[in-house]
1. Checking the condition more than 21 Å from the chain's Cα centre (by Cα) and either part of a helix (DSSP H, G or I) or at negative phi (or both), which residue from Y31, Y24 passes?
2. Quick check on my filter: what residues within region 56-74 are outside any loop (DSSP other than H, G, I, E, B) and crowded, with 18+ Cβ neighbours inside 10 Å?
3. Within region 130-183, take every residue that is over 13 Å from the mean Cα position of the chain (by Cα), polar (S, T, N, Q) and closer than 22 Å to T84 by Cβ and give me the one that is modelled with the highest pLDDT.
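The values are calculated or read from the model by the stated rules, or taken from the named source; none is laboratory data. Predicted model, so just to flag it, every value in this text is computed and none were measured. Positions of Cβ are backbone-derived with ideal geometry, glycine not excepted, and every protein chain shown enters the neighbour counts.
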Amino acid sequence: MDDHTEQDGLSCIEKVLNGDREAYRDFIRLYERLVFSLASKMISRQDQLEDVCQDVFIKIYTNLNRFRGDSAVSTWVAKITVNTCINALRKKREILLNGNEGPSDPLDRFHADDPTPYMETETADLHARLNREIAALPVQLKTAITLFHLQGLRYDEIASVMNLPEGTVKSHLFRARQLLKKRMLRKYEKEEWLL
């Protein structure tokens, strides 16, 4: 998140703590994309995803007075989101799958320098396979890889979100990458053999 968003987030927290409950709507607008993006990587069913996102914002609201400013607001929000998702997964014990979002307007897909339909299909297939493999990782590895590669958080931010030492985060990322590489290569080698 950029510095402007962080400042706006801090301002909203201060206003809410001073009795301006409407400021929380602005807070939600600032961080709803982050919450949804993280949660959607961990929760596959749409109805559960919506419930978890709502739970995240309820927990944030009830704990605003506990935000000390030791980390960025976005890191604090991400930490609450990840913990809420993990708790929901423990309760549901569901198999995690990650859906792919497509463009909202089909015409947005076509440009003069776009890759061929075959290349698009191959890329989409690769992304779908990779997303399935990420979803099949153990929760800790999946969380680390999602926060680092998909959310762009630094090691220290991930460590804060996951309540782990930075070295453990690096280890989780290494193990996740190794598992993904091994699984992807195994599946592609199998397919090539069948062709």
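1. Y24
2. Result: V56, F57, I60, V73, S74.
3. T168
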